[in-house]
There are 2 protein chains.
Amino acid sequence: MNEDDFLSALRGLPLHPGAMNLSDDAARLSEFVLTKDLLVEGVHYLPGDSAGDVAWKLMAVNLSDLAAKGAAPVGVLLGYPLGEDAWDRAFLKGLRAACEAFACPLLGGDTVRGVGLRTLSLTAIGRAGPKVPLRSGAQAGHTLWVAGTIGDAGLGLALAMSGMGPSVLLDAYRRPMPLIEAGCALGPVVTAMCDVSDGLLIDTARMAAASQCGAVIDLSCIPRSPAARELAGSSREARLEAATAGDDYALLFALPHGTSPPVEARRVGWFEAGFGLRLIDGGESVPLPASLGWEHGRD
Amino acid sequence: MNEDDFLSALRGLPLHPGAMNLSDDAARLSEFVLTKDLLVEGVHYLPGDSAGDVAWKLMAVNLSDLAAKGAAPVGVLLGYPLGEDAWDRAFLKGLRAACEAFACPLLGGDTVRGVGLRTLSLTAIGRAGPKVPLRSGAQAGHTLWVAGTIGDAGLGLALAMSGMGPSVLLDAYRRPMPLIEAGCALGPVVTAMCDVSDGLLIDTARMAAASQCGAVIDLSCIPRSPAARELAGSSREARLEAATAGDDYALLFALPHGTSPPVEARRVGWFEAGFGLRLIDGGESVPLPASLGWEHGRD
């Protein structure tokens, strides 16, 4: 089963109303937003990656899911498989750095004996803002925006294999920054929001599908960092590469036509009647690439 | 690092007040109790165990932690590594059965591509009762009680290797029943409570240590099922075996002297001034066994 099949099957189980039919990356419960993201060694990070960076990333990916729901972090529960001493100690150091950087304390968790490749898990709890934006709230005519940059982490991952390259790109892969403040500011005004964890194209397609409409992305508008443009250039191929790379933890959101976002962001497209995703590059129509991004259980 | 070392190190990180210094198996947040327990293939269950039983057990061990805090289940978040289709489908079936049996719906979670041995994780959220009993509330003079039976799952695990034996023992290992109703009834009246997940002796020693006092267990009072007594006999060795076996998910609790519990339970000992655990068997003093139970990262 791939992730979509499994999710469909889970939807047949007894669901809490706060699960919102499992169509978002987070659940609601009273004044809280809850999310749970795993990192698997060899899948979400390289076996040689530093334990401190892995700990940071585990926090960051979860807090990014909270940010996408406009929620500020309250605390986390850690699921940790014990391994080698040095790795465990470096992990703790990275976790402390992330707890402090994101003002997010530890609430609890479980420690077990690890076997083989690590599966790390974190549950993050945030305090919901006045409105919890869903993935499904976009409508035809709404504009599509990105806060943060796209494609840096994908380039950083490629560089991490050699360990050499601009630190802004390596850091985007190793120590991503969840856009917590931006998410909290955006929460009350957006009509839909999610983070860009699996790739701009696939996450946009998912937002459009959840919202039962179509979406158009203009490749000429994708926000890329100066370092990414310098390293990979600005060809359409490079921009498509960025738009299908994962791990960026930018925020993707919809606004009613004519509304401006309260944070720095780039308008990258719009929603339209119908379904599916269309790409343009300035005025020109561009065919969709074979893969829109990262899909678990399908590679 | 073993589990205790890692926990000590975690206590040096920024902690949420609801973490209660990580000295319990659950955290408090507003009107909720949160817990997170992992199951590792080859550590917490046998690689050949049925996926449906593993799903059940994952729910049961987490809801047992809630029961020990007097909390009724609200919902769970699942962390699941995708593997073989047949296993995934059987897991879903067992999860559904547990959701229905324990009236506990799914709130959310994460699905990833699995690699090698499975690490399954669940976060369970419960609604706290009027009082959340801690592990640390016992005092010298309080009596020590067990609701449920001790040693059945340990025998069931041994039988599961061959697949033959009394179903009540096999079921105790394969489909443990968290004592949710008993936990909710006990919550307001006990002075300390935890579940017996790693063994009666080790869990009692932990309760005594957290409560900064000593504890005495009378081996002649340990509640064992008729099936366990029939299979393993009632020798001191058999009773010590039961008292150090894990996976029982009975409830262990303390009451002020002279107080009776509101549910069926057996008085197995008492707390005293000092520290550490002492064993007696009727009137006779018994030396502590080399291992008091299951310790993660130490075997």
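Throughout, read-outs are computed from the coordinates displayed, never taken from laboratory work. Computed from a prediction, not measured in an experiment: that's the story for all the values here. Don't worry about glycine lacking a Cβ; one is built from the backbone with ideal geometry, like all the others, and counts go over all protein chains shown.
A label point on B:Ala273, set 7 Å along the Cα-to-Cβ line, lies at 8.5 nm from each of its counterparts in the other copies, closest listed first.
Rounded to the nearest 20 debye, the dipole size of the protein assembly as shown about its Cα centre is 1080 debye, using +1 on the Cβ of Lys and Arg and -1 on the Cβ of Asp and Glu. Can you work out the PRE-style zone for B:Leu288? Point 7 Å along Cα to Cβ, and I want the residues of the stretch B:260-280 with backbone N under 16 Å. Answer for this model: B:270-280.
All other residues whose Cβ lies under 14 angstrom from that of B:Gly75 are scored, Lys and Arg at +1 and Asp and Glu at -1, for a net of +2.
What translational D, rounded to a whole number of µm²/s, comes out for the protein assembly as shown from Stokes-Einstein when the hydrodynamic radius is the Kirkwood one over Cα pairs, at 4 °C and 1.567 mPa s?
Numbers: Rh = 25.1 Å.
Using the Kirkwood radius from Cα pairs, D works out to 52 µm²/s.
Here is how far apart the B:Ser291 label points are across copies: 4.4 nm, shortest first, using a point 7 Å from Cα toward Cβ.
Most exposed first by the Cβ proxy, i.e. fewest other Cβ within 10 Å, how do A:Lys57, A:Lys69, A:Lys93 rank?
A:Lys93, A:Lys57, A:Lys69
Backbone phi angles across the stretch B:21-38, fed through the Karplus curve with coefficients 6.51, -1.76 and 1.60 (θ = phi - 60°), yield HN-Hα couplings of 6, 6, 9, 10, 8, 8, 10, 10, 8, 6, 7, 10, 10, 10, 9, 8, 10, 9 Hz in residue order; Gly and Pro are listed as x.
If I take R0 = 60 Å and measure r between the Cβ atoms of A:Ala140 and B:Ser30 in this structure, what FRET efficiency does the formula 1/(1 + (r/R0)^6) give, to the nearest 0.05? All intermediate terms of the calculation are to be shown ahead of the outcome.
Values: r = 39 Å, r/R0 = 0.65.
With a Förster radius of 60 Å, E is 0.95.
Hey, fewest Cβ within 10 Å first, where do B:Glu272, B:Glu237 land in order?
The fewest-first ordering by Cβ neighbours comes to B:Glu237, B:Glu272.
Amide H contacts under 5 Å for B:Leu117: A:Leu117, restricted to partners 5 or more places along the chain or on a different chain, H placed in the peptide plane at 1.01 Å from N. Amide H to amide H distances under 5 Å link A:Leu82 with A:Val112, A:Arg113, A:Gly114, where only residues 5 or more positions off or on other chains count and H is placed in the peptide plane.
With +1 on the Cβ of every Lys and Arg and -1 on the Cβ of every Asp and Glu, and nothing else charged, how large is the dipole of chain A about its Cα centre, in debye rounded to the nearest 20? Don't skip to the end; give the middle numbers.
On the way: 24 positive and 34 negative charges, 114 e Å.
My answer is approximately 540 debye.
For B:Asp281, the residues whose amide H sits under 5 Å from its own are B:Leu219, B:Val286, ignoring neighbours fewer than 5 places away on the same chain, with H placed 1.01 Å from N.
Are any of the pairs B:Lys36/B:Lys57; A:Lys36/A:Lys69; B:Lys69/B:Lys131; B:Lys57/B:Lys93; A:Lys131/B:Lys36; A:Lys69/A:Lys93 more than 19 Å apart by Cα-Cα distance, and if so, which? From B:Lys36/B:Lys57; A:Lys36/A:Lys69; B:Lys69/B:Lys131; B:Lys57/B:Lys93; A:Lys131/B:Lys36; A:Lys69/A:Lys93, over 19 Å: A:Lys131/B:Lys36; A:Lys69/A:Lys93.
Working note: Debye formula, equal point scatterers on the alpha-carbon atoms of the stretch A:162-299, no solvent; log10 I(q)/I(0) at q = 0.11, 0.18, 0.22 Å⁻¹ is -0.41, -1.14, -1.61.
Among A:Cys99, A:Cys104, the ranking by other beta carbons within 10 Å of each residue's beta carbon, starting with the fewest, stands as A:Cys99, A:Cys104. What FRET efficiency would be calculated for the residue pair B:Met164, A:Ser162, taking the C-beta separation as r and a Förster radius of 60 Å, to the nearest 0.05? About 0.60, to the nearest 0.05. Decide, for chain A, between rounded, prolate and oblate: order the square roots of the alpha carbon gyration tensor eigenvalues as a ≥ b ≥ c, take rounded if a/c falls under 1.5, and otherwise choose prolate if a/b is larger than b/c, else oblate. Verdict is oblate for chain A. How large is log10 I(q)/I(0) at q = 0.13 Å⁻¹ when the Debye formula is applied to the Cα atoms of the stretch B:19-140, each weighted equally and without solvent? Those come out to -0.53, one per q.
Computed 3J(HN,Hα) for the stretch B:251-258, one whole-Hz value per residue from the Karplus formula 6.51 cos²θ - 1.76 cosθ + 1.60 where θ = phi - 60°, is 10, 10, 8, 10, 10, x, 3, x, glycine and proline marked x. Each other copy holds its own label point for A:Met177; taking that point as 7 Å from Cα along Cα to Cβ, the gaps run 5.5 nm, nearest first. Highest GNM mean-square fluctuation among B:Asp110, B:Asp88, B:Asp65, for chain B modelled with Cα contacts below 10 Å: B:Asp110.
Please give the net charge around B:Thr143, taking every other residue with its beta carbon less than 12 angstrom from that of B:Thr143, where Lys and Arg add +1 and Asp and Glu add -1. Don't skip to the answer; put the middle values down first.
Details: positive: B:Arg266, B:Arg267; negative: B:Asp218, B:Glu272.
Here the count lands on 0.
From the Kirkwood radius over Cα pairs of the stretch B:115-211, Stokes-Einstein at 37 °C and 0.692 mPa s returns a whole-number translational diffusion coefficient of 209 µm²/s.
Look at the alpha carbon pairs under 8 Å that are at least 6 residues apart: their mean separation over the length of the stretch B:167-299 gives a relative contact order of 40 percent.
Comparing mean-square fluctuations of A:Leu255, A:Leu159, A:Leu186 from a GNM of chain A with C-alpha springs under 10 Å, the top value falls on A:Leu159. Taken one residue at a time, the phi angles of the stretch A:282-287 give Karplus couplings (6.51, -1.76, 1.60, θ = phi - 60°) of x, x, 9, 6, 10, x Hz. Gly and Pro are set to x.
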